[in-house]
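Asks: Would you mind keeping the following structure in view while I ask a few things?
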Amino acid sequence: MSERLQVGLIGAGHFGRYHALKLAGAARAKLVGLYDANPERAKEVAWEAGCPVRGLDELLGLSQAVVIAAPAEYHFDLASKALTLGKHVLVEKPIAATLEQAGALAALARAQGVVLQVGHLERFSAAHGAVSKRMGKPLYIEAVRIAPFKVRGTDVSVILDLMIHDLDLILALTDSDVVSVDAVGAPVASEHDDIANARIRFANGAVATITASRISLKTERKMRIFSQTGYLTVDFSARKLTLVGRGIGNKLPGFEEFGMEQAGWQDHDALAAEHEAFFASVLDGAPVMVDAEAGRRALAAALMVSQSIAQSRAMAEAAGLIPHQG
């Protein structure tokens, strides 16, 4: 395989544009073109990225690998087509719409001997590295991710749009199977759930509470993690964390064996890091950092949250707490 990977982009929407610009400047890849179902949008982004607009079949024929940034409902069809042709695939989250589709993509990638990476961008962030190296196995996690309303992303629920990021991070931190979910949510500004809260219990006894909203007045991203060895609070927006634990930092008055440590991190380009990891897996045989199984696991948790919300809504309707939505 050539030193520079020949990469095509499928999908030139809001986030697809970012992929295009990063791919255009990548040292280890050449952006051979992009495709989007909207010809005008395709021309606009292709002009910015300095690459040609191509038909889908033409793009697949010229590419060794593709990045799929189309709407989630098209992920399975596009990824399966590319994988069948022996192309390496980086597909945005969620990996697919159903667990059966996710499993089929994983099996197809194995059969073809190609890389399938899922775009859970948070795994490549400086924040994830700062948190994971300072905290052992958690007992309890509380995560909040809220933002003002934007039309972008409303083709799916807030669970698949925003909450899935924290689900993926928490699954990586706990490294344990989900055994139960109790959740509530509601559609407010779109036809899908725009707010959601979920309490998740894991097989190892850990518990996580996650809140996601895309109809809030402000943007907030915070996480609190409790473990046997200490307590960690993280403000992702301010890029700061505080760790309280035994034998660290400045001693706390009245709790001499405990100390407090504060730290921050410098943001790096997580999208570029995600691309570089993909290139390394394809060109160098490096392990896939967020593989199909990780994507399937995050999707499974998200679907469990959605199912629990539907059950909670049915109970509320039956009790007359909310109007029947039939």
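Asks: If you take the residues of region 212-268 that are in a strand (DSSP E or B) and of a type in the set (Gly, Ala, Ser), which of them is nearest to Arg199 (Cα to Cα)?
Replies: Here the residue is Ala212.
Asks: Just to be sure I understand, how many residues within region 187-208 are in a loop (DSSP other than H, G, I, E, B) and either surrounded by 14 or more Cβ atoms within 10 Å (Cβ to Cβ) or not acidic (Asp, Glu) (or both)?
Replies: 11
Asks: Give the residue, chosen from Arg4, Arg41, Arg110, Arg17, that is out of contact with any Asp or Glu (no Cβ under 8 Å at 6 or more places or on another chain), under 30 Å from His192 (Cβ atoms) and among the basic types (Lys, Arg).
Replies: Arg41
Asks: Do we have any residue at all in region 129-140 that's surrounded by 19 or more Cβ atoms within 10 Å (Cβ to Cβ) and of a type in the set (Phe, Trp, Tyr)?
Replies: no
Asks: What pairs come out if I take residues in region 170-188 that are within 10 Å of Arg201 (Cβ to Cβ) and pair them with residues that are polar (S, T, N, Q) and outside any strand (DSSP E or B) whose C-beta lies under 7 Å away, six or more apart or interchain?
Replies: What qualifies is Ser176/Asn204; Val181/Ser308; Asp182/Ser308.
Asks: Let me spell it out: the conditions are (1) farther than 23 Å from Asp161 by Cβ; (2) assigned by TED's automatic domain parsing to the domain that holds Val156, and Val131 meets all of them except one. Which number is the exception?
Replies: (1)
Asks: Going through region 24-47 one residue at a time, which ones are in a loop (DSSP other than H, G, I, E, B) and either among the small types (Gly, Ala, Ser) or closer than 18 Å to Gly61 by Cα (or both)?
Replies: Hits for region 24-47 are Gly25, Ala26, Ala27, Asp36, Ala37.
Asks: Give just the number: which of (1) in a helix (DSSP H, G or I); (2) over 26 Å from Gly113 (Cβ atoms); (3) in contact with a Gly (Cβ under 8 Å, 6 or more places away or on another chain) does Leu21 not satisfy?
Replies: Result: Leu21 fails condition (3) only.
Asks: Can I ask one more? Does region 273-297 hold any residues that are out of contact with any strand residue (DSSP E or B) (no Cβ under 8 Å at 6 or more places or on another chain) and crowded, with 16+ Cβ neighbours inside 10 Å, and which are they?
Replies: Passing the criteria: Ala273, Glu276, Ala280, Arg296, Arg297.
Asks: Quick one: which residue in Ala294, Ala273, Ala301 is farther than 19 Å from Ala69 by Cα, in contact (Cβ under 8 Å) with a residue 12 or more places away in the chain and part of a helix (DSSP H, G or I)?
Replies: Of the residues listed, the single one that is farther than 19 Å from Ala69 by Cα, in contact (Cβ under 8 Å) with a residue 12 or more places away in the chain and part of a helix (DSSP H, G or I) is Ala301.
The values are calculated or read from the model by the stated rules, or taken from the named source; none is laboratory data. Predicted, not measured: the structure shown is a model, and the values here were computed from it. Ideal geometry is used to build each Cβ from the backbone, glycine not excepted, and the neighbour counts take in all protein chains shown.
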